[in-house]
1. Give 70, 35 a once-over and let me know the one that is closer than 19 Å to residue 108 by Cβ, surrounded by 14 or more Cβ atoms within 10 Å (Cβ to Cβ) and either at pLDDT 95 or above or of a type in the set (Phe, Trp, Tyr) (or both).
2. Within the range 105-126, is there a residue that is open to solvent by less than 50 Å² (accessible area, probe 1.4 Å), of a type in the set (S, T, N, Q) and closer than 19 Å to residue 40 by Cβ?
3. Being of a type outside the set (Asp, Glu), within 16 Å of residue 47 (Cβ to Cβ) and surrounded by 16 or more Cβ atoms within 10 Å (Cβ to Cβ) is the filter here; which residues of the range 78-104 pass it?
4. Within the range 132-146, can one find any residue that is touching an Asp or Glu at 6+ places or on another chain (Cβ under 9 Å) and open to solvent by 80 Å² or more (accessible area, probe 1.4 Å)?
5. Where residues in the range 47-67 are among the β-branched types (Val, Ile, Thr) and surrounded by fewer than 20 Cβ atoms within 10 Å (Cβ to Cβ), which of them is farthest from residue 164 (Cα to Cα)?
6. In the set 95, 118, which member is under 23 Å from residue 1 (Cα atoms) and among the acidic types (Asp, Glu)?
7. Taking the range 134-164, which residues are small (Gly, Ala, Ser), touching a residue at least 12 places away in the same chain (Cβ under 8 Å) and part of a loop (DSSP other than H, G, I, E, B)?
8. Tell me the residue from 67, 31, 61 that is under 21 Å from residue 132 (Cα atoms), polar (S, T, N, Q) and more than 12 Å from the chain's Cα centre (by Cα), please.
Amino acid sequence: MDDAIVALRAGELLVFPTETFYGIAADPYSSVAMAKLFGIKGRDPNKPIALIAADTHMAFSVAKEISSVARILADAFWPGPLTIVLPARAGLPHELIGPDGGVGVRVSPHPIAHALSEGLGRAITATSANRSGEAPATTLRAAREALGDEVKVYLEGGTLHASAPSTVISCNGDGYRIIRAGAITERDIIAALSKGKLE
């Protein structure tokens, strides 16, 4: 793990397990690392990269404001596979910010994902370990076959058994909008919001 943190700080990419699929971690504040990330994935430069943070405080630090809806959902589902898109604070790298000014972040329950973000001292990138348009990797072997030697460090996490990626939800003001359906259903979200507002 120490070698992995050193690699991140040096602007290298690494593959790591999450609660859903294998991901590619980079320091989002390294322009060199982000250029490598977009290059290796063949990703549209206008498509933002989401983040994984070590805890809720770190996750919310990327936002300029946090709505009550976002707080309720974070309390209900973090750590877990819910990426919340929040209004981005000033100074974030442009690769993280969507056309609506939002930045996506989640807190992963996977101990390796947590340790990487905690060790770096800030959120890491959370994009899946595959070329754009290909299926996400559920084994380290599949990730290595897809990405090859352009990634310096591969962290083993066994076979991952998620059936869906993280759910992506935008929270701005008093409402929400599901951007990508995933592991957490809208029924789950509605139930959590109803419970949170009652409390």
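1. Details: 35 fails: closer than 19 Å to residue 108 by Cβ.
Only one candidate qualifies: 70.
2. Residues of the range 105-126 open to solvent by less than 50 Å² (accessible area, probe 1.4 Å): 105-108, 110, 112-113, 115-117, 119-120, 123-126.
In the following step, the residues that additionally are of a type in the set (S, T, N, Q) were identified as 108, 117, 125.
Among the residues that remain, those that are also closer than 19 Å to residue 40 by Cβ are: 125.
Scanning the range 105-126 turns up at least one residue that is open to solvent by less than 50 Å² (accessible area, probe 1.4 Å), of a type in the set (S, T, N, Q) and closer than 19 Å to residue 40 by Cβ.
3. Residues of the range 78-104 that are of a type outside the set (Asp, Glu), as a first pass: 78-94, 96-99, 101-104.
After this cut, where a residue has to be within 16 Å of residue 47 (Cβ to Cβ) as well, the list is 83, 85, 88, 92-94, 96-99, 101-104.
Result: 83, 85, 88, 92, 93, 96, 97, 98, 102, 103, 104.
4. No, because not a single residue in the range 132-146 is touching an Asp or Glu at 6+ places or on another chain (Cβ under 9 Å) and open to solvent by 80 Å² or more (accessible area, probe 1.4 Å).
5. Going through the range 47-67, the residues among the β-branched types (Val, Ile, Thr) turn out to be 49, 52, 56, 62, 66.
Still in the running and surrounded by fewer than 20 Cβ atoms within 10 Å (Cβ to Cβ): 56, 66.
Numbers: 56: 22, 66: 26 Å.
Among them, the one singled out is 66.
6. Working: 95 fails: under 23 Å from residue 1 (Cα atoms).
Criteria check complete, one pass: 118.
7. So in the range 134-164, the residues small (Gly, Ala, Ser) come out as 135, 137, 142-143, 146, 148, 157-158, 162-164.
This time we only want the ones that are touching a residue at least 12 places away in the same chain (Cβ under 8 Å), so: 137, 142-143, 146, 157-158, 162-164.
Passing the criteria: 137, 157, 158, 162, 163, 164.
8. Details: 67 fails: under 21 Å from residue 132 (Cα atoms); 61 fails: under 21 Å from residue 132 (Cα atoms).
Step by step, each of 67, 31, 61 is checked, and only 31 is under 21 Å from residue 132 (Cα atoms), polar (S, T, N, Q) and more than 12 Å from the chain's Cα centre (by Cα).
The values are calculated or read from the model by the stated rules, or taken from the named source; none is laboratory data. Not measured: the values here are computed from a predicted model. Positions of Cβ are generated from backbone atoms using ideal geometry, with glycine treated the same way; all protein chains shown enter the neighbour counts. All accessible areas refer to the heavy atoms of the entire protein, side chains included, with ligands and DNA or RNA removed. Shrake-Rupley method; radii C 1.70, N 1.55, O 1.52, S 1.80 Å.
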